[in-house]
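So the structure is just underneath, and the comments pick up after that.
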Amino acid sequence: MKNITVIGVGYVGLVTAACFSDLGNNVTALDINEERIKNLKDGIMPIYERGLQELVTRNAAAGRLHFTTVYADALKDAEFVFIAVGTPSGVDGEADLKYVQSAAETIAKSMSSPVIVINKSTVPVGTGDWVADIIRRNQPSPIPFSVVSCPEFLREGSAIADFMNPARTVLGSLDEDAAEKVAQLHLPLRAPIVITDLRTAEMIKYASNAFLATKISFINEIANICEALGADVKEVASGMGYDPRIGNRFLDAGLGYGGSCFPKDVKALTYMATVQGRHPQLLHAVMEINADRRSLLVEKAREVLGELEGKKIGILGLTFKPDTDDLREAPALDVARKLLAEGAHVRAYDPVGMPGAKELIPDVEMAENSYDLAQDSHALLICTEWNEFKHLNMNRIHDVMETPIIVDGRNIYEPDMMGRMGFSYRGVGRGYGPNGEPVKD
Ligand code: NAD
């Protein structure tokens with residue numbers, strides 16, 4: 001059992017704290033957001049993540065997981081201090097490090113014994129050295145510490161399983177002893193451990209996310225070409241994906257990548273390269289392709305419906321991906337705003353994203369469920385591939401719509417089947433021509 005402190009109880013920090021406590025450690029999770037901590041003490045989760053409530057409740061009840069807003073309490077007896085605060089995009093695409101800076105300063109002022117500070121936040125290359133410098137400068141009197149980079153690779157929606165079964169653990173440090181101690185902490189996860197220097201570890205995270213974003217933009221580019229030539233991108237991706245050199249993951253054509261990581265991390269890597277006088281052409285293309293995806297559904301809706309002004313359009317799915325409540329950089333929000341700008345009457349339904357979305361797109365009316373959303377709609381636009389949308393009673397949907405038009409931004413339905421049911425259907429890259437005719441026939 002180790003004493004661990006986690007700074008920041010968001011998507012990464014709370015999962016990290018809950019999982020390390022579940023592995024038998026004594027974990028204190030700290031956040032500056034008092035409401036979050038109060039709620040967590042009352043068993044109320046600040047985020048939606050499957051299995052998290054149960055994990056937190058069980059480990060808090062066992063006395064292994066504690067919550068606080070007081071740094072000195074959190075750091076007392078801590079051997080490992082994880083920083084898991086946000087690193088959002090700054091105005092020029094750079095990672096804004098104000099939360100990391102503030103956490104590092106407060107750690108320095110509050111620590112009372114030697115600690116290993118482990119950076120889990122996604123931070124620009126060189127941040128580990130910068131954090132060490134901040135801690136050194138802000139300590140009232142010198143206490144030994146080390147900084148280790150340990151980037152996180154979990155995905156929202158499967159965060160606990162990802163944390164507990166990582167493909168690899170990456171550790172970066174110049175302090176071999178500290179890296180070894182952090183490696184020991186991760187041994188129960190039974191994943192390969194890559195130990196390298198701080199800067200390389202930080203870069204592994206950006207390079208990994210940029211690669212996955214590239215894969216998504218690549219298949220979206222192929223989808224555009226498929227559409228023009230009458231091929232079906234879903235089958236193309238499937239045929240490609242069997243090749244182990246390619247793999248079938250992150251090959252779903254659609255609305256492009258969103259969320260709190262890929263957009264900001266590709267931007268931040270581009271910024272880092274540019275500042276160093278490099279011209280990251282591929283990353284620029286990845287972002288450009290992704291930005292274009294945001295207009296795609298609106299263009300497709302316009303193709304079928306003509307003028308959108310006054311049309312009743314329903315958006316199915318608001319979160320950036322299924323199984324999370326995270327709306328950061330969610331394509332659906334842009335789709336909604338573009339439709340509103342064209343004068344459409346926009347309604348939406350999402351299993352968990354609606355409370356947050358109400359604040360971000362206040363002019364969009366929220367529906368009770370998918371069928372309520374379909375009622376009298378001129379078109380339904382699918383923006384998030386929640387499982388519950390995959391087996392809707394499509395006959396019922398068809399019957400209640402004003403005009404049975406579906407624009408499927410996630411390719412969850414089969415064009416032929418939709419056609420047979422009487423829908424005018426548009427998928428993404430499915431080999432259908434501009435008037436919905438199956439080009440490949
Ligand atoms: P988040 O916004 O969900 O949570 C951040 C938390 O940090 C908030 O609760 C905030 O109140 C708290 N915080 C801010 N400043 C603080 C301070 N000085 N002291 C204590 N708490 C403070 O962020 P997130 O999505 O968990 O992301 C955290 C980091 O992990 C980011 O760098 C992100 O890029 C990276 N990451 C995120 C994911 C993901 O799926 N969300 C995956 C891998 C890596």
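Data table
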{"read-out": "Share of alpha-carbon pairs per 20 Å distance bin for the chain, given as whole %", "value": "24, 51, 23, 2"}
{"read-out": "Projected area averaged over orientations for region 326-401, convex hull of C-alpha atoms, nm²", "value": "4.9 nm²"}
{"read-out": "For the chain: accessible area per residue (Å², 1.4 Å)", "value": "44 Å²"}
{"read-out": "Expected-Rg normalisation [2.2 N^0.38 Å, Cα atoms] applied to region 73-151", "value": "1.06"}
{"read-out": "nm² value of the averaged projected area, convex hull over the Cα atoms of region 361-403", "value": "3.3 nm²"}
{"read-out": "Helical contribution to [θ] at 222 nm, DSSP H n ≥ 4, -39,500 (n - 2.57), averaged over the chain, rounded to 500", "value": "-13500 deg cm²/dmol"}
{"read-out": "In region 175-249, the chymotrypsin sites (Phe, Trp or Tyr not before Pro) that fall in loop regions by DSSP, at most 14 other Cβ within 10 Å", "value": "Y242"}
{"read-out": "Angle between the chain longest axis and helix 262-275 axis [Cα atoms, degrees, rounded to 10]", "value": "70 degrees"}
{"read-out": "Protein-only accessible surface order, largest first, of M417, M164, M1 at 1.4 Å", "value": "M1, M417, M164"}
{"read-out": "Percent antiparallel among DSSP beta bridges (both partners in the chain, rounded to 5)", "value": "5 percent"}
{"read-out": "Candidates per GluC sites (Glu not before Pro) in region 285-351, loop by DSSP, up to 10 other Cβ within 10 Å", "value": "E307, E309"}
{"read-out": "Sorted largest first, extent of region 231-441 alpha carbons per principal axis (Å)", "value": "57, 44, 31"}
{"read-out": "Zero-based 10 Å bins, Cα pair distances in region 203-324, whole percents", "value": "12, 36, 34, 15, 3"}
{"read-out": "Orientation-averaged projected area, Cα convex hull of region 103-231 (nm²)", "value": "10.1 nm²"}
{"read-out": "Fluctuation leader among V266, V15, V298 - the chain, Gaussian network, Cα springs under 10 angstrom", "value": "V298"}
{"read-out": "Taking N as its residue count, the alpha carbon Rg of region 3-196 over 2.2 N^0.38 Å", "value": "0.95"}
{"read-out": "Centre separation in Å (Cα based) which lies between region 374-414 and region 295-334", "value": "12 Å"}
{"read-out": "Using a Förster distance of 41 Å, the FRET efficiency for Q184-R50 (Cβ separation, nearest 0.05)", "value": "0.90"}
{"read-out": "Debye log10 I(q)/I(0) for region 182-256, one point scatterer per Cα, at q = 0.11, 0.12 Å⁻¹", "value": "-0.44, -0.50"}
{"read-out": "Built amide H within the under 5 Å cut-off of I193, gap 5+", "value": "T169"}
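The values are calculated or read from the model by the stated rules, or taken from the named source; none is laboratory data. Note that the coordinates shown come from a computational prediction; the quantities given were computed from them, not determined experimentally. Using ideal geometry, Cβ is built from the backbone for each residue, glycine included, and neighbour counts are taken over all protein chains shown. Ligands, DNA and RNA are stripped out before the accessible areas are found, and what is left, the full protein with its side chains, is counted by its heavy atoms. Shrake-Rupley method; radii C 1.70, N 1.55, O 1.52, S 1.80 Å.
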